[in-house]
Amino acid sequence: MATQHSRSAARLMMAPAVFLLLVWMLVPLTMTLWFSFTRYLPLRGDSIERGLTWVGLENYGRFLSSSSFWPSVQTTLLIVGGILAITVVLGILLAILLDQPFWGQGIVRILVIAPFFVMPTVTALVWKNMFMDPVNGMFAHLWRAFGAEPVSWLSDASIQSIIMIVSWQWLPFATLILLTAIQSLDSEQLEAAEMDGASVLSRFFYIVLPHLSRAITIVILIQTIFLLSIFAEIFVTTGGAYGTRTLTYLIFQRIVDSQNIGLGSAGGVYAIILANIVALFLMRIVGKNLDA
């Protein structure tokens, strides 16, 4: 058992890392809060050295009353919800498939996991140019082979395209978590249910799915936290056009395109609030499942 001396030594050794982590987190957050209460327009001569004009809650009011704010929030939640639905459903199916013994199982598992290690920018470029290009993309050639007119995915089905691209990237993560959960399932339960005459669907809904509930909630929680800040895929493919401007992309436009750092910082605070609301809601769901 650890003594008081060893615990004190451990805290002392961990203190520098904890301090650096707090500084790394708190300094950007503090600067964002400060900028959100000021007028900071670099193109108009505003600078930190000259001092920034305090405007109070003006930036928050302007960002909230913007005609782009609520549509961007709606788009963000729509994209996140679509990705979660696809990754969870397909993740369960793939996990069940990969849990079955078959020749080349190890190679297939590596291929399934591979997309998760591809950079978001590279993923978006591959899908944009190799698959979704309306002239030379693989989907266009496939459509023509069946005598159909190719689809301009990124303009005619823009949100669906973003959901498809990001789902492809995050599906391996969901599959890994769910596969681990399935492998911890006692096979004797399934064998007993099969001997009692339970069908495949009955065994899935009454044994497998309840066993996966905790893993599913963890997948939803972790993916939601990351997906709320989705940016690279939209920047590379649609540039926020065709109704794909999320809250994160709107903040980017306010800061970079409009060079209004104060207004963009206020949007960043709104994004933090939204992420915390969603995270708290999901944590309650996770907590209920873990206590069950």
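The values are calculated or read from the model by the stated rules, or taken from the named source; none is laboratory data. All figures in this text were calculated on a predicted structure; none of them were measured in a lab. Cβ: placed from backbone, ideal geometry, glycine included. Neighbour counts: every protein chain shown. Side chains included, ligands, DNA and RNA excluded: accessible areas come from the protein's heavy atoms. Shrake-Rupley method; radii C 1.70, N 1.55, O 1.52, S 1.80 Å.
Observations, loosely collected:
- Scalar couplings 3J(HN,Hα) for the range 213-230, obtained by applying the Karplus form with A = 6.51, B = -1.76, C = 1.60 to θ = phi - 60°, are 4, 5, 5, 5, 5, 5, 4, 4, 5, 5, 5, 4, 4, 7, 6, 5, 9, 4 Hz; x denotes Gly and Pro.
- Estimated FRET transfer efficiency when R0 is 41 angstrom, pair Leu201-Trp54 (beta carbons, to 0.05): 0.05
- Across the alpha-carbon atoms of the range 99-192, the computed radius of gyration and Dmax are 17.9, 55 angstrom.
- Computed over the alpha-carbon pairs of the range 64-137, the distance histogram in 10 Å steps reads 15, 27, 35, 18, 5, 1 percent, short to long.
- Of Gln189, Gln74, Gln253, the one that fluctuates the most in a GNM where the chain has Cα springs shorter than 10 Å: Gln189
- Charge dipole (the chain, unit charges on Cβ, about Cα centre) - positive-most of Met31, Met13, Ser67: Met31
- For the pair Leu190 and Asp99 in one chain, pulling the backbone fully straight at 0.36 nm per residue adds 31.4 nm over the alpha carbon distance.
- Each of Tyr242, Tyr206, Tyr60 has its accessible area taken with a 1.4 Å probe; listed largest first, they run Tyr206, Tyr242, Tyr60.
- Amide H contacts of Thr38 (H built 1.01 Å from N, under 5 Å, at least 5 apart or other chain): Val55
- The mean sequence separation of alpha-carbon pairs under 8 Å and at least six residues apart, normalised by the residue count of the range 140-273, gives a relative contact order of 23 percent.
- Computed accessible area, Phe116, all protein chains, 1.4 angstrom probe, square angstrom: 80 Å²
- Accessible-area composition of the range 74-224, carbon plus sulfur, in percent [1.4 Å probe]: 69 percent
- For the range 86-101, backbone phi angles converted through the Karplus equation (6.51, -1.76, 1.60; θ = phi - 60°) give residue-by-residue couplings of 5, 5, 6, 5, 5, x, 5, 5, 5, 4, 5, 5, 6, 7, 7, x Hz, Gly and Pro being listed as x.
- Rounded to the nearest 0.05, the FRET efficiency derived from the C-beta distance between Ser258 and Ile107 at R0 = 45 Å is 0.35.
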